[in-house]
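S.K.: Below is a structure I'd like to ask you about.
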Protein chains: 4
Amino acid sequence: MVSHIGLVGLGKMGHNMRERLRNGGIEVTGYDPRPEVTDVPDLAGLVAALPEGRRVVWVMVPAGAPTRGVVDELGTLLSEGDIVIEGGNSHYPEDQARAAELAERGVGYVDVGVSGGVWGLENGYGLMVGGERDLVEHLMPVFDALRPEGPREEGFVHAGEVGAGHFAKMVHNGIEYGLMQAYAEGYELLAAKDIVTDVHGTMKAWTRGTVVRSWLLDLMVKALEEDPSLTAIDDWVDDSGEGRWTVDEAIDNAVPLPVISAALFARFSSRQTESPAMKAVAALRQQFGGHAVRPAGPASPGAGPLEPPA
Amino acid sequence: MVSHIGLVGLGKMGHNMRERLRNGGIEVTGYDPRPEVTDVPDLAGLVAALPEGRRVVWVMVPAGAPTRGVVDELGTLLSEGDIVIEGGNSHYPEDQARAAELAERGVGYVDVGVSGGVWGLENGYGLMVGGERDLVEHLMPVFDALRPEGPREEGFVHAGEVGAGHFAKMVHNGIEYGLMQAYAEGYELLAAKDIVTDVHGTMKAWTRGTVVRSWLLDLMVKALEEDPSLTAIDDWVDDSGEGRWTVDEAIDNAVPLPVISAALFARFSSRQTESPAMKAVAALRQQFGGHAVRPAGPASPGAGPLEPPA
Amino acid sequence: MVSHIGLVGLGKMGHNMRERLRNGGIEVTGYDPRPEVTDVPDLAGLVAALPEGRRVVWVMVPAGAPTRGVVDELGTLLSEGDIVIEGGNSHYPEDQARAAELAERGVGYVDVGVSGGVWGLENGYGLMVGGERDLVEHLMPVFDALRPEGPREEGFVHAGEVGAGHFAKMVHNGIEYGLMQAYAEGYELLAAKDIVTDVHGTMKAWTRGTVVRSWLLDLMVKALEEDPSLTAIDDWVDDSGEGRWTVDEAIDNAVPLPVISAALFARFSSRQTESPAMKAVAALRQQFGGHAVRPAGPASPGAGPLEPPA
Amino acid sequence: MVSHIGLVGLGKMGHNMRERLRNGGIEVTGYDPRPEVTDVPDLAGLVAALPEGRRVVWVMVPAGAPTRGVVDELGTLLSEGDIVIEGGNSHYPEDQARAAELAERGVGYVDVGVSGGVWGLENGYGLMVGGERDLVEHLMPVFDALRPEGPREEGFVHAGEVGAGHFAKMVHNGIEYGLMQAYAEGYELLAAKDIVTDVHGTMKAWTRGTVVRSWLLDLMVKALEEDPSLTAIDDWVDDSGEGRWTVDEAIDNAVPLPVISAALFARFSSRQTESPAMKAVAALRQQFGGHAVRPAGPASPGAGPLEPPA
């Protein structure tokens, strides 16, 4: 069983995880290109610092090229029996490809979807793991240190073979998009109705005893406490790759995903300064009905001209 | 069979319809509050100008209170056997209520959904009619003058009892929303792809022989001919009541309407200068993940910060 | 302050609420048409059993005609200063109408949206209240007995004027539809992927520490514990009026509601034994492309014929 | 300019295209594995049959492996200056890959999206072409023979570089999904309303003069003429790859596609004999509200139990 691991990537997530691991009794040697936070000068130094036997390196860097670069280099530094844990947000086919490459050298590969954000240091991280059973068992002390207090199965799962951990995390994030949008739509409708005079209070009253209570609702209430009309926050919403992958995956598997896709598209729309599609609709209405269109320019809010539909 | 009717409302639609009716051999006495276009000084004068027997008055004014006011007043001026035609965009329950009121005085009521917009004068108007069979038969010369050339059943239908004409027109407009949005989404995707160097030409090439050819596509091509990037058109799109009623009606009848409702919501979104819902989503992301949010202010386009999803 | 109320309707919800109120020190006289559960023979007996002063009757019967009937009869039995609480699921315009009628007789009206289902007896009920401030204050002992333990504002809100309580509950239920559908879509995608070998375990691992943790997720895990593939449960999902009203209301207020409406439509679809719309799409494909259609009959699952798209 | 081409694939589409090409004065040597329809025994024979100079082979076989196999083999048979036309439904990145491979041998590659289905023989085919300008110009006699009568630009476009032809066709098909679903939803709503007594007549009345008139509408009317309630048609709807690719592409480009994706998901749902997602929603409702669920089994249509929402 492992008691000392290497950790590559000491950003917001990695830094906190190192602390939680150490609090949980796991020795951690961290590497990061930034000299002020790293424990060792380079990946070779990291590997050299790990105890003989089954060496374990947790990779926690941005998905895509950075992860691929680190895993590739580790492949040349590690030996048969060692294990790489990919804890970032890799797309699961990347896991399958990396695992196959490392397997040629006898190096094991385990993918872990990690949830919990900035709250994970304190609350623990939800962990979804993919890989071979014996590797996962070897790594349990690490997972137990990271996951929340309480029964293991409420914050940890060995979801399946390599890729299953990131697949599960991907679906988790897709669900997250849908949940957030559902609360957001309800918030907008409450805020639009004059007979409701306490929107924040209404959502706060949902935090106990109701069907919709959740951690996201708690956060929504917290946000409204800080800024009751969200005046200081722009309506521009980024999306990470995982929401997109979720919809891609649904399409590949012919799974209908109306809610999660609608939530994703709402984010795309939120980032458009103008919508080519809606320009096209406006152009069509002008063509067939002589409906007034607005000349392009600074958006002028307010009710539009009343037009009989053609 | 009727050969002379009254027409109330000489706006964009009514004016053109008067001309097409006259071209079709129907005598028309028009009334409008604007002295420069009206043929008679008031509704009483309009009714007095119609020949004895079964008088017919076509009402073509905005839906809601204006239509209700005109129909109410006509109810006091007309006599048993006369007929009111509601040719505006009334919600069909209004038709049912008006018809019941007029029926108490022996005045008939027929509702007509009229499609064709500014092109109707030249091409003829698609007509969807609701009401009793004998009334509709009496009015056929009027409908034949208005409808497009060609077989009667390709531009006219007696769709059912009172209200069915406007119900059919309402559904027609709901479909129209969906069609327009489908073309608009396709346009946006073509325009977003660098390997496609001729978006206008591509859509024009669809106007013959393809599955998606339609009159709306012709209009789309015309709009792109006038303004290939729709530069001069704002992405603000109004909606008339009929799209909303279509979705309301679907909900009452438990009919799933994912496409038409999505098209309606896209219009709502197009008119928001900022989206309270998306502010809420941004606030939630900030709460749980420490994701950067944009301070409210003039929208700054461009790629957002890369954040690992929590 | 009130210490004894009447309660009309002792069904699943009313019965439990009577028990929680009594446990909380509120005396309750209950009325129900079923002799085996009622405390009094009729509404007149109920009113007579209440202490002099400001009598309070809580109505907890199905929305629509039943609620209207009870409130109407109470209006004739109660006197100036008495209060009716509508705790069912009335549509908020009904509240506004009932309140106006009772106000003519000096009887107060307060609407309360109640959340918590069968778990409310034990956990307490989330309460959203609409009405005049002094009435709400008078009723606080009742609300405090029903709401969950903990800070009052986490399970109770005076959301606004008459109607605001049921409006808030309506939005709560609309959000609930969206949340449930988001989890359900994620569940289906997990279950569709062969590399995920433990769907139940994966969702259980989300119950602590993750962004998507919630009471609904706990219930989802509980359902999967009892029946890991949901084999015994049909995919037929009812909908109550409140989801429909939420979308209707959004349409009236031009609020885009893509997620909540998609969730509602998914329920409509779930109850169709065949979809007229999809028959129409199949018919269209057959017309233009000679695509094979399936003759109507018992659904034959499995992959369809491979056809080049026309 | 080319006057004689090879054509690989004499299925439903290829066979008709050979006939239209020959009617248009283009000599065609066809190859198909089925001896009864082929003009030559194999691909080598096909290439040998073509006149010296710039040989042209049109490939019209199913997308994916079959197309790849044929193009690969042609690459070994053709010489510098020859041209392969991919007229099937290849995904556009396949075009880019094939073109690059053939370019190494000096063989040109042009991709053509072909629309028109079984009607193309008579009406002509809408053509969307991607590739280098000089190649496209060389091939114009072929394209002119295939496209509909009328102005060239109404049935043909050189949309852009290699891949643009199939990209345009992909978007065309995505739009097609949205259009079909819009008509289908409107059909279902008309059919659900008792006051509308002539659904077929109503849609037929839309075929002239209205905003929604189109070729698809004509086909819808034709289908209803043959089977007014679509009784003989199952509600099972296949989807080809192009609708899926359209949504995938939108996701890659952050283009919101609510209507086209909803139409795609409706097809996925139409093919499910039971919906895992809706089973999950039913299970959740049972958990929190004690709502009745239906035991799995033969679907029992009809209204569900009336339940107060929790």
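S.K.: Inside region B:185-203, can you point out the residues that are at the interface with another protein chain (Cβ under 7 Å from one of its Cβ atoms), farther than 18 Å from B:LEU257 by Cβ and part of a helix (DSSP H, G or I)?
M.R.: B:GLY186, B:TYR187, B:GLU188, B:LEU189, B:LEU190, B:ALA191, B:ALA192, B:GLY201, B:THR202
Yes or no, residue by residue, for (1) open to solvent by 20 Å² or more (accessible area, probe 1.4 Å); (2) touching a Leu at 6+ places or on another chain (Cβ under 6 Å); (3) within 25 Å of C:GLY106 (Cβ to Cβ):
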position: C:GLY6; (1), (2), (3): no, yes, yes
position: C:LYS12; (1), (2), (3): yes, no, no
position: C:ASN16; (1), (2), (3): yes, yes, no
position: C:ALA48; (1), (2), (3): yes, no, yes
position: C:GLU52; (1), (2), (3): yes, no, yes
position: C:GLY64; (1), (2), (3): yes, no, no
position: C:GLY69; (1), (2), (3): yes, no, yes
position: C:LEU74; (1), (2), (3): no, no, yes
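For (1) under 16 Å from the mean Cα position of the chain (by Cα); (2) in contact (Cβ under 8 Å) with a residue 24 or more places away in the chain, each residue gets a yes or a no:
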position	(1), (2)
D:GLY150	no, no
D:GLU161	no, yes
D:VAL171	yes, yes
D:GLN181	yes, yes
D:LYS193	no, no
D:VAL196	no, no
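S.K.: Let me ask you something else. If you go through region A:144-174 one residue at a time, how many are of a type in the set (A, V, I, L, M, F, W, C) and surrounded by fewer than 24 Cβ atoms within 10 Å (Cβ to Cβ)?
M.R.: 1
S.K.: Next question, about the same structure. Tell me the residue from D:GLU94, D:GLU104 that is touching a residue at least 24 places away in the same chain (Cβ under 8 Å) and of a type in the set (Asp, Glu), please.
M.R.: On inspection, the qualifying residue turns out to be D:GLU94.
S.K.: Restricting attention to region C:127-135, does a residue exist that is open to solvent by less than 10 Å² (accessible area, probe 1.4 Å), part of a strand (DSSP E or B) and out of contact with any Asp or Glu (no Cβ under 8 Å at 6 or more places or on another chain)?
M.R.: Within region C:127-135 (the criterion being open to solvent by less than 10 Å² (accessible area, probe 1.4 Å), part of a strand (DSSP E or B) and out of contact with any Asp or Glu (no Cβ under 8 Å at 6 or more places or on another chain)), the answer is yes, since at least one residue qualifies.
S.K.: Among the residues of region B:176-185, is any open to solvent by less than 10 Å² (accessible area, probe 1.4 Å), of a type in the set (Asp, Glu) and in contact with a His (Cβ under 8 Å, 6 or more places away or on another chain)?
M.R.: no
S.K.: Which of the residues spanning region D:225-244 are facing chain C (nearest Cβ under 7 Å), in contact with a helix residue (DSSP H, G or I) (Cβ under 8 Å, 6 or more places away or on another chain) and part of a loop (DSSP other than H, G, I, E, B)?
M.R.: Scanning region D:225-244 gives D:LEU230, D:ASP234, D:ASP235, D:TRP236, D:VAL237, D:ASP238, D:SER240.
S.K.: Moving to a separate point now. For the list (1) within 30 Å of C:GLY130 (Cβ to Cβ); (2) surrounded by 24 or more Cβ atoms within 10 Å (Cβ to Cβ), I need the number of the one condition that A:ASP198 fails.
M.R.: Of the numbered conditions (1) within 30 Å of C:GLY130 (Cβ to Cβ); (2) surrounded by 24 or more Cβ atoms within 10 Å (Cβ to Cβ), the odd one out for A:ASP198 is (2).
S.K.: Before we move on, is C:VAL59 at pLDDT 95 or above, open to solvent by less than 10 Å² (accessible area, probe 1.4 Å) and aliphatic (A, V, I, L, M)?
M.R.: The answer is yes for C:VAL59.
S.K.: Next question. Conditions: (1) within 8 Å of chain A (Cβ to nearest Cβ); (2) surrounded by fewer than 24 Cβ atoms within 10 Å (Cβ to Cβ); (3) not hydroxyl-bearing (Ser, Thr, Tyr). C:LEU102 meets all but one. Number of the miss?
M.R.: For C:LEU102, the exception is condition (1).
S.K.: I would also like to ask the following. Restrict the check to region B:172-181 and report whether at least one residue is modelled with pLDDT of 95 or more and not in a helix (DSSP H, G or I).
M.R.: Within region B:172-181 (the criterion being modelled with pLDDT of 95 or more and not in a helix (DSSP H, G or I)), the answer is no, since none of the residues qualifies.
S.K.: Go through A:HIS138, A:HIS91 for me and flag whichever is of a type outside the set (S, T, N, Q), within 16 Å of the chain's Cα centre (by Cα) and away from every other protein chain (no Cβ under 11 Å).
M.R.: Of A:HIS138, A:HIS91, the one residue that is of a type outside the set (S, T, N, Q), within 16 Å of the chain's Cα centre (by Cα) and away from every other protein chain (no Cβ under 11 Å) is A:HIS91.
S.K.: Is it the case that some residue within region A:277-285 is modelled with pLDDT under 95 and either of a type in the set (Lys, Arg) or surrounded by fewer than 24 Cβ atoms within 10 Å (Cβ to Cβ) (or both)?
M.R.: yes
S.K.: Please enumerate the residues belonging to region D:141-175 that are more than 7 Å from chain B (Cβ to nearest Cβ) and either in contact with a His (Cβ under 8 Å, 6 or more places away or on another chain) or β-branched (Val, Ile, Thr) (or both).
M.R.: Result: D:VAL142, D:VAL162, D:HIS166, D:MET170.
S.K.: Moving on to the next point. Out of curiosity, is C:GLU122 farther than 24 Å from C:LEU43 by Cα and either among the polar types (S, T, N, Q) or away from every other protein chain (no Cβ under 14 Å) (or both)?
M.R.: No: the conditions fail for C:GLU122.
S.K.: So, in region A:245-276, of the ones that are open to solvent by 10 Å² or more (accessible area, probe 1.4 Å) and assigned to a loop (DSSP other than H, G, I, E, B), which residue ends up farthest from B:PRO256 (Cα to Cα)?
M.R.: Ranking the qualifying residues of region A:245-276, first place goes to A:THR273.
S.K.: Check B:ASP32, B:ASP39 and return the single one that is open to solvent by less than 70 Å² (accessible area, probe 1.4 Å) and on the phi < 0 side of the Ramachandran plot.
M.R.: B:ASP32
S.K.: To continue, here is another question. Looking at C:VAL2, is it at pLDDT 95 or above and open to solvent by less than 20 Å² (accessible area, probe 1.4 Å)?
M.R.: So C:VAL2 does not fit the description; no.
The values are calculated or read from the model by the stated rules, or taken from the named source; none is laboratory data. A quick note: this is a predicted structure, and the numbers were derived from the prediction, not measured. Cβ sites come from the backbone with ideal geometry, for glycine too, and all protein chains shown count toward neighbours. Areas reflect the complete protein model, heavy atoms only, side chains present, ligands, DNA and RNA absent. Shrake-Rupley method; radii C 1.70, N 1.55, O 1.52, S 1.80 Å.
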